[in-house]
Each structure stands twice: as C-alpha cells, then as structure tokens.
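First the structure, in the form of structure tokens, and then the observations on it.
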Amino acid sequence: MMKKYLAVLLSGAMLLGAVSMTGCGSSSSSGSGDAAKEETASDSGDSEEASGGGGDNLAESKDMLTSAIDSVMTTDNHKMMDAGSTFDVPEAEGTAEELDKLDDSDSAKWHFYEYLDWDEAEDAEFPASPADGQNGKHVILIVHGAHAWTTCYQEAFEQACDAVGMTVDVYDPNWDQSTQDGYVDQAINEAPDAIVVIPVSADHAAQQFKKITSAGIPAFCSNTLPEADAMNFILAYTGPNDWYQMRNLADNLGEQLGGEGGVCYITHNVGTSPYYARTFGPMSELADKYPNIKSLDYQSPGFEAAAVKQVVSDWITKYGDDLNAIVLADDSDQAIGATEACEAAGRDDIIIVAAGISKQGAELIQGGKMYGASYQSCQADAGLAVRTVSEYFNGEDIARVSYIGTDIITKDNVEDFLPCQW
C-alpha cells in the first residue's frame, strides 16, 4: 500500500545496533570532476542522547551541530541550517500508468512526480547509524552540473561541513548522466562515511542510490526530487518543495492577471525534477484555479539569455496581445533574455515570474522588469542536507523527507532577501 505520510522517521534506536562505519579522514577539497499541514521537523538540539555509546565524540558532535544551527547564516541573514518541514501526502487518483494518460494541465497527472509517495514496504536495508557523532566523518557530494547556483550550494555545503567537523569532496559531472554514474562508482570505491547526490535525472536516480545503499554506504538525496521509487534506497531527501513553490507563484500570477489571459513557460533542463515542477506545477495550478487562463506553449531553450530572448520574441510575434505572462524556470539568464525580448517589442504589459532568487532576478524585480520570484535558498538547501547527515551520524531520528522554507519575492519585500546568495 502506498505510503500516506512523508513524516515517517527512521528510528534512531533501531539504528544503534549495527557496526560503526569509520571515516577516511580526507581533507576537504573541490573535485573537478498545496499546501497541507506543514510541520516543523524537531530541532536536533532537543533530541535525547542516543543510547549505545558514542563517547566524547558524540557529545562534542552534538554541541558542534547545535552551535552551527544557531550561528551559521546565509548571506541574506537567514539560518543556513534551519529545521526542515514536511507535510501530508494526498491519495493518488489512480495508478501511475492511469495518471500518465491525463492531460498535462491536470494536476492529478503529476502526483507521483510531485509527491515522494513510495511503497515503504519495499525499502532496502539501510546502513545503521554508528551513533558516534559526525565530527571526523568524511562525505562525498556529487552535484548535477556547473551553474552559479551549484557553486553557491557547494560552497555552503563545505561551510556547513566545516562547522560540524566533517570533511567533504565534491564531484561535478557537468550535467552528463554517464559522468555522474561514473562518479557514483568512484565514490563507492572510495568508501566514504556517506554519499550525497543531486541527481542529474529524476528517473535514473533509483539506479544510482541502489548501488550506494547496496554497498553499505548511507545515501542521501539533495535538492532535486528523485522518482518516488528511488526513496526505497535513500535514507533521506532534503531540498526545496519545488512544486509547492511554483504552485504558490502561479496563484500569485493568477491574481495579477485577474484570472484572464495567456501564459507561456520556459522550462528547466528536460528530465530533471525542476523541469516537471516548474512547468507543469504552475500550468496545472492555473488550470485548476483559473480556468480562463490559457497555457499557450512551453519551450526548453536552455539557460542562455540569447536563446531565451529568441523564443520569447517568437512568442510575442505569434501570440501578440494573447500573450500576457511568462513563467521562467530560472531568474538569472533566462530572466535576462525574457525581459530583453519584451523590452525590444515594447511589451511592458507582459508579467514575468520565475523560480529564484539570484542577483539578476532581484535587480529585475527592483527595476520593475520582472514581477516576482519564488525564494529558494541554495545555502539553506546545502545546510539542511549537512544537518540531516549529521543527525544521522548522531543516531537521531531523521525525517525521510524534509523541505527548506520558501516565500514569494516581489518589489514589496525584495529588500528582505538581499544580498542575494548567487
């Protein structure tokens, strides 16, 4: 039977009975290579001491983690390692095969993309926590690809690891699936204390995490949602609730449009979880709540401003006054291209919103060229991942799914989110 709640915890007490894993002691380096009842996950500082040992390092580790949670801040002055949140999962309206036949604008179609609604009975046997503290542990982080966001995330991950006494190596496959698969194999061979992966592809993640877990290494997924079944091989997912964020952004856009108009979408990289969330999240939300708003088209030109400018220019020519809004998967280069196209065509009436927020996005909002963006902190994303890994090593209960906080940023509140993180 499908799991109904994301607020399922791995029991720390159950984890204490297995053999401790040892750290490899490497120095930190950067490799080349709708809401429903939100609940705040319990603060690690309130957790009881795990039974079964751990010694002085466990006590020191817990002190270090508590201190880091209280003191490590993002560049826009929010707690980098703040507690995550989770919420109840609604019932699916059919099987995955049945839902896949629905129209793209039907929110029911995307249930198994939006929700990590996996069959918990199929969970693999996860590595037990050593419950001896995160201090001294070594982690390998495998990101998805080169981007200013990724650089910011990586630096924050390293900062958070340093604050709690862990070392980290980072591998970047530059958006190539086979390269990331190779890094997964390499990381397994290096036998770190844990591996954290930002999957290049949601539907390929299960293979990667199965390998890691089968090798007896704790596996954590960060930032991009994997396919639901991949959770059978993942100790915990941490990151943004991209679908929730984009549905909120779409609600805001629907209000700005007065429930009427035409919308186009620039997507994220095809096949990634942000591709689905940032395209079909807002599209289905508008269809559900604003039936007089029509989704006109979506295109995937990538992240180069010039390519996005050309697509938006073509839309303006094709749809004319029927084009009233554009939803972007990115508020940096995509936003620059979209706003330049609108300026060149004299179309300052087109409302632009985006997933964000970058320095470029904030400046466009301040300048009135873009209406708003979702708040997605790359630094808090990294911080929550490191916090969760640390809590695991401390033998504490960890939420299987935990989301970072969010907001909608407009000209009215953008100053509260400056300076931007990337």
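The values are calculated or read from the model by the stated rules, or taken from the named source; none is laboratory data. Here the structure is a predicted model, which is why all the values come from computation and not from measurement. In this analysis, Cβ positions are derived from the backbone assuming ideal geometry, glycine residues included, and neighbour counts consider all displayed protein chains.
Figures for the structure shown
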| read-out | value |
| --- | --- |
| Some residue of segment 256-277 being among the hydroxyl-bearing types (Ser, Thr, Tyr), farther than 20 Å from Leu99 by Cα and more than 27 Å from the chain's Cα centre (by Cα) | no |
| Cβ-Cβ under 6 Å pairs, at least 6 apart or on other chains, segment 101-115 side outside the structural domain of Tyr275 (by TED's automatic domain parsing), far side crowded, with 16+ Cβ neighbours inside 10 Å and hydroxyl-bearing (Ser, Thr, Tyr) | Ser105/Ser284; Ser107/Ser284; Tyr113/Tyr276 |
| Test for Gly337: is it at pLDDT below 95, of a type outside the set (Ser, Thr, Tyr) and at negative phi | no |
| So Phe126, is it touching a Leu at 6+ places or on another chain (Cβ under 8 Å) and in a loop (DSSP other than H, G, I, E, B) | yes |
| Qualifying residue in segment 279-288 (condition: farther than 17 Å from Ile352 by Cα and acidic (Asp, Glu)) | yes |
| Unmet criterion (only one of (1) hydroxyl-bearing (Ser, Thr, Tyr); (2) assigned to a helix (DSSP H, G or I); (3) under 27 Å from Gly145 (Cα atoms)) for Ser313 | (3) |
| Matching residues in segment 289-334 - criterion: being under 17 Å from Leu257 (Cα atoms), of a type in the set (S, T, N, Q) and surrounded by 15 or more Cβ atoms within 10 Å (Cβ to Cβ) | Ser295, Asn324 |
| Segment 385-422, subset among the aromatic types (Phe, Trp, Tyr) and in contact with a Ser or Thr (Cβ under 8 Å, 6 or more places away or on another chain), residue surrounded by the fewest Cβ atoms within 10 Å (Cβ to Cβ) | Trp422 |
